[in-house]
1. Per residue of segment 89-102, what does 6.51 cos²θ - 1.76 cosθ + 1.60 with θ = phi - 60° give for ³J(HN,Hα)? Whole Hz please, x for Gly and Pro, Karplus curve as stated.
2. Taking a temperature of 20 °C and a viscosity of 1.002 mPa s, what whole-number D in µm²/s does Stokes-Einstein yield for segment 94-134 with Rh from Kirkwood over alpha carbon pairs?
3. Heavy atoms only, probe 1.4 Å: what % of the accessible area of the chain goes to carbon and sulfur, would you let me know?
4. Express the C-alpha Rg of the chain as a ratio against the empirical globular expectation 2.2 N^0.38 Å, rounded to two decimals.
5. Could you grab the Rg to Rh ratio for segment 4-146? Cα atoms only, Kirkwood for Rh.
6. Label point 7 Å out from VAL164 along Cα-to-Cβ: which residues of segment 242-265 have amide N under 20 Å?
7. From the residues HIS323, VAL371, VAL163, which one has its Cα farthest along the dipole of the chain in the positive direction, the dipole being from +1 and -1 charges on Cβ of Lys/Arg and Asp/Glu about the Cα centre?
8. Given N residues in segment 327-392, what is Rg(Cα) / (2.2 N^0.38 Å)?
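The values are calculated or read from the model by the stated rules, or taken from the named source; none is laboratory data. From a predicted model like this one, the values you see are computed outputs, not experimental measurements. Here the Cβ positions follow ideal geometry from the backbone for every residue, glycine too, while neighbour counts run over all protein chains shown. Just the protein is used for accessible areas: all its heavy atoms, side chains included, with ligands, DNA and RNA removed. Shrake-Rupley method; radii C 1.70, N 1.55, O 1.52, S 1.80 Å.
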Amino acid sequence: MLNQKTIEIIKSTVPVLEQHGETITTRFYQLMFANHPELLNIFNHANQKQGRQQKALAGTVYAAAMYIDNLEAILPVVKQIAHKHRSLGIKPDHYPIVGKYLLLAIKDVLGDAATDEIIDAWAEAYNVIADAFISIEAEMYDEAASQQGGWDGFRNFIVARKVVESDVITSFYLKPEDNGGIAGYLPGQYISIKLEIDGEKFTHIRQYSLSDSPGKDYYRISVKREAGTANPDGMVSNYLHSGVNEGDILNVSAPAGDFFLETEKNTPVVLLSGGVGLTPMMSMLKTVVELQPERKVTFIHAAANGKVHALREEVEELSKLEHVTSYVFYDSPTEEDRRNNRFDVEGYVTRDWLKDKIAVEEADFYFCGPVPFMKAINRSLKDLGVKEERIHFEFFGPKGSLED
Ligand code: HEM
């Protein structure tokens with residue numbers, strides 16, 4: 001328990017840290033990686049380069065500090081991060097390392113303004129925050145390992161099938177090398193894949209949403225080939241597309257994530273996706289038709305055109321079911337798309353279209369896609385009066401904000 005004085009120091013210094021937040025976390029990463037280069041095996045280098053991780057971490061540290069005497073209030077945020085940490089294999093031993101270099105970075109950036117009193121208060125606060133993460137993650141590790149077919153850490157999976165789904169998306173069907181059972185999951189959850197790439201000094205870990213319904217003897221991921229091999233995201237997805245083949249082994253951690261379809265509800269459900277954001281939506285669609293065949297579900301997918309539109313046949317097949325409706329939006333259809341009537345609407349998903357076609361006052365909405373797509377959908381739903389608790393979304397990579 002922190003004493004009142006420490007709490008006051010923490011709360012009064014949050015604005016200062018907020019002002020220098022990104023400089024501090026950038027410095028923190030420099031110092032930490034210089035002294036613990038082995039951590040580059042778990043951190044996503046692409047997020048580092050884009051500064052996204054810095055923002056995500058800084059944001060969480062301020063939030064946690066503001067609620068240092070009531071961490072319960074930010075439990076959903078802690079849990080969402082803890083899912084990611086568990087999936088990456090972050091362990092209690094890692095926390096003192098992060099704490100040490102975070103405090104050194106604060107000292108470095110704030111200089112004389114960081115008095116011993118302030119540093120001591122932040123050291124105490126960091127320990128309280130770290131303990132909250134560690135205990136929630138311990139529960140998650142237990143749960144992942146103790147459930148049927150579950151396991152701790154990474155496990156070898158064989159690529160049983162590799163299926164090209166579009167010009168840019170390929171699916172991988174993964175089965176455990178040991179032929180044992182595999183853990184169940186909730187539709188919308190992801191797995192982490194750890195890759196060793198030839199010529200690369202460090203391993204790369206990436207999260208991919210599961211794109212099939214649970215209950216199979218495999219996990220399916222559907223991966224988009226990102227442009228260019230120079231950026232780390234492009235490097236990893238290009239490696240999966242070109243360098244990983246049927247029969248190869250991938251390192252996989254048990255499913256995780258707090259974005260999933262609530263199947264105990266019976267409200268109509270609207271699944272919206274842009275581009276490769278369709279992967280968690282596919283899992284949700286397939287799960288609804290299997291578990292809740294009477295539930296109304298609308299599947300709305302936006303892609304540039306037919307060349308990059310993945311899993312179309314699967315959705316078309318499911319759309320024949322009585323309670324399933326699907327709409328395809330192309331913003332740049334090809335002549336072939338027009339000839340073959342491959343889409344329903346040319347352009348983007350707009351507020352007016354949603355108002356016209358969807359009974360927005362009753363439905364639960366789930367969406368995933370590029371940030372501009374998600375911002376537009378979020379804004380439209382808010383404008384149409386959809387309540388916050390019925391809006392669910394997932395970012396690729398670190399969570400950000402959908403507000404402008
Ligand atoms: C991800 C916060 C401790 C390693 C994240 C994210 C946040 C965060 C906000 C982004 C989650 C998302 O993707 O939406 C924190 C806080 C910590 C902490 C507040 C301390 C209390 C640690 C420790 C390690 C670690 C001890 C390991 C040394 C990672 C990694 C990611 C991550 C590897 C994924 C980021 C990426 O690959 O770019 N953390 N974290 N974190 N965290 Fe932590």
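1. Each residue's phi maps through the Karplus curve to give x, 6, 10, x, 4, 6, 5, x, 5, 4, x, 4, 7, 5 Hz.
2. 206 µm²/s
3. Summing carbon and sulfur atoms, their accessible area is 50 percent of the total for the chain.
4. Rounded to two decimals, the normalised Rg is 1.04.
5. Using only Cα positions, Rg/Rh for segment 4-146 is 0.95.
6. Only 242-248 pass the distance filter.
7. Highest projection toward the positive end goes to VAL163.
8. Against the empirical 2.2 N^0.38 Å value, I get 1.24 for segment 327-392.
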